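**Student:** Just dropping this structure here.
Only the coordinates and a few stated rules stand behind these numbers; no lab work does. It should be emphasised that the depicted structure is a prediction, and the values quoted were computed from it without experimental measurement. Cβ placement follows ideal geometry from the backbone for every residue including glycine, while neighbour counts extend to all protein chains displayed.
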Amino acid sequence: MTNKMQTAQVEEFGQPLVFNELDIPTPGPGQILVKTEACGVCHTDLHARNGDWPLKPALPFTPGHEGIGIVTELGAGVTAVKKGDRVGVPWLYSACGHCEFCLAAQETVCADAEFGGYTRNGGFAEYIIANPNYVAHIPKGLSALDAAPLICAGITTYKGLKETQAKPGQWVVISGIGGLGHLGVQYAKAMGLHVCAVDIDDAKLKHATLLGADAVVNAKHEDAAAAVINATNGGAHGVLITAPSLPAFEQGVAMTRKHGTCVLVGIPPGKFPTPLFDVVANCITIRGSFVGTRSDMAEALAFAADGKVKADIELQPLSAINEVFDRLANGEVPSRVVIDFTATSI
Ligand code: NAD
Ligand code: ZN
Ligand code: ZN
C-alpha cells in the first residue's frame, strides 16, 4: 500500500475543489483511522465550499460529513471501536463531553464541538481521522453506500421530525424533497405521520408520492401555504423545512397549524421575515434543529436496518465532485449523490 491518499479540498471559498494527494494521516492518541468506502454529498458541503455561514472553516479543508468506512488503525488507548468495524464520520465529529449540554445529551450545541468536513477534515478523501467516541456504528446488513446519506440527511430529518412533536396520525410538511427531504418523507411515514411534501420541482414531488407522501404542493405554481392549509384542514401540526431557500421559511411558518411547531433545518445564508402577530396569536413554535445526538444516530440507522428507510443514491467518483456541486447548486441532483471509493477508479 502507498502512504498517499487522494483528497478533494476547498482551497478558496467559491472555487472548485482541488484534488490534492496527501500523506495518509496517522491516528494520534484516542483517534482512529478510517478507510473511506463511501461519502454522501450534502448541500452543507456546498455551503462550506462557498463560505456561506458566519462560522467559516480554516482553509484548506476536506469537506464531506457522510463518510463511511472501515477502521484500519487505532491510536493509543482506543477501546470504543476495533479494527475492521464499519463506522461513519459524521458532522458532529466530537464534543467536550462535560459541559451542561453534553451532560444533557444535547451535544450538538456543545461550544467545543468539532464538525466533520468543516473544522476537521472529512470524507472527500480515501482516509479520515475520526474520534471513536462520536462515530456512527453502522448496523450489520447495511452497506456503506446505503448508510452514507443516513449519517447526516437521515439523522437530521429524523431528529427534526421528533422536534416537531407531531404525533402519529397528525400532519407534517416536509419542505424540500432533496437529499434530506426524501429521507424525511420515509421517516415520517415510518413514524405514523401524514405527510405533505412541498418542493418547487414536480419530479421531486412525484418521487415524494412514490415514497408515500399523502399530498404534494408545488411552491412554484401555487400559494404553498394556502395549499397546505387546504390539504391538511387547517395547517400541519409539524413543519420541517429542509429547503436551502429563504422563501420556504416564511411559507413554512404560514403552513403551521395553531399550536404547531415549525422546525428549521435548511441553512441558506440570510434572514426571513417572521409575521410576529400570527406566530403569537396562533401560539406557533419556531425551532432550530441541528443534526442529532449519538442516540438519535443509532435510532435513525435502526430504521434503515429494519428496512423502513432507504436512501435513493446516485454513485459518482471523487473526480466528479465539482460537477456534482454544480448540479446540487442548480437543484439537478434527484436525491443524494454518494462518492463511491470502492470503485476501481475514484
Ligand atoms: P438538496 O439540494 O439535496 O435538496 C434541497 C431541496 O429543496 C431540492 O429538492 C430543491 O428542489 C428544494 N427547494 C429549493 N427551493 C425550494 C423552495 N423554495 N421550496 C421548497 N423546496 C425547495 O439539499 P440537502 O442536502 O437536502 O440540504 C438542504 C439544506 O439542509 C441545506 O441548507 C443544508 O445545509 C441543510 N442541512 C442542515 C442540517 C442541520 O443539521 N440543520 C443538516 C444537513 C443539511
Ligand atoms: Zn449534511
Ligand atoms: Zn460539551
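**Student:** With a sphere of radius 15 Å drawn around the Cβ of residue 70, what net charge do the other residues whose Cβ falls strictly inside it have (Lys, Arg +1; Asp, Glu -1)?
**Tutor:** Numbers: positive: 35, 82, 83, 86, 140; negative: 37, 73, 85, 126, 340.
Combined, the nearby Lys, Arg, Asp and Glu give 0.
**Student:** Straight-line reach only, C-alpha to C-alpha below 17 angstrom: list the aspartates and glutamates that residue 35 could link to, leaving out same-chain residues fewer than 8 apart.
**Tutor:** Filter leaves 21, 23, 66, 73, 85, 126, 146, 340.
**Student:** Here's another thing I want to ask about it. Determine how many Å³ per residue the convex hull of the Cα atoms of region 196-346 encloses.
**Tutor:** Values: hull volume 22.1 nm³, N = 151.
Value for region 196-346: 146 Å³ per residue.
**Student:** While we're looking at this one, here's another question. For a quick protection proxy, order the peptides 127-135, 325-333 by their average other-Cβ count within 10 Å, most packed first.
**Tutor:** On the way: 127-135: 23.7, 325-333: 15.9.
Descending packing order for the listed peptides: 127-135, 325-333.
**Student:** Just the ratio, please: alpha-carbon radius of gyration of the chain over 2.2 N^0.38 Å, N its number of residues. Each step should come with its number before you reach the end.
**Tutor:** Numbers: Rg = 19.6 Å, N = 346, 2.2 N^0.38 = 20.3 Å.
That works out to 0.97 for the chain.
**Student:** Scattering from the C-alpha atoms of region 75-204 alone, worked out with Debye: what is log10 I(q)/I(0) at q = 0.16, 0.20 1/Å?
**Tutor:** Each listed q corresponds, in turn, to -0.96, -1.23.
**Student:** For the chain, what proportion of DSSP beta bridges, expressed in % and rounded to the nearest 5, is antiparallel? Display every interim value, and only then the final one.
**Tutor:** Working: 31 of 58 bridges.
Restricted to the chain, the bridges split so that about 55 percent are antiparallel.
**Student:** Fewest Cβ neighbours within 10 Å first, please rank 255, 191 accordingly. Numbers along the way, then the final one.
**Tutor:** Working: 255 28, 191 18.
The fewest-first ordering by Cβ neighbours comes to 191, 255.
**Student:** So, by mean Cβ neighbours within 10 angstrom, what's the order for 338-344, 229-235, 152-158 with the highest one leading?
**Tutor:** Values: 338-344: 18.4, 229-235: 16.3, 152-158: 29.9.
Sorting 338-344, 229-235, 152-158 by mean packing, highest first, produces 152-158, 338-344, 229-235.
**Student:** Need one number for region 51-119: average projected area of the convex hull over its C-alpha atoms, nm².
**Tutor:** On the way: hull surface 23.9 nm².
Its Cα hull, projected and averaged over all orientations, spans 6.0 nm².
**Student:** Based only on other Cβ atoms within 10 Å, what is the fewest-to-most ordering of 85, 278? List each step's numbers first, then the result.
**Tutor:** Numbers: 85 16, 278 13.
So the residues, fewest neighbours to most, are 278, 85.
**Student:** Once every DSSP H run of n ≥ 4 in the chain is given -39500 (n - 2.57) and the sum is divided by its residues, what mean residue ellipticity at 222 nm do you get, rounded to the nearest 500 deg cm²/dmol? Before the final figure, lay out each step's value.
**Tutor:** Numbers: 11 runs with 93 residues, N = 346.
Helix contribution divided over all residues of the chain: -7500 deg cm²/dmol.
**Student:** What does the C-alpha gyration tensor say about the overall shape of region 260-346? Classify as rounded when a/c is under 1.5, otherwise prolate if a/b is larger than b/c, or oblate. Spell out each step's value before the answer.
**Tutor:** Details: a/c = 3.26, a/b = 1.65, b/c = 1.98.
It is oblate, given that a/c is not under 1.5 and a/b is not larger than b/c.
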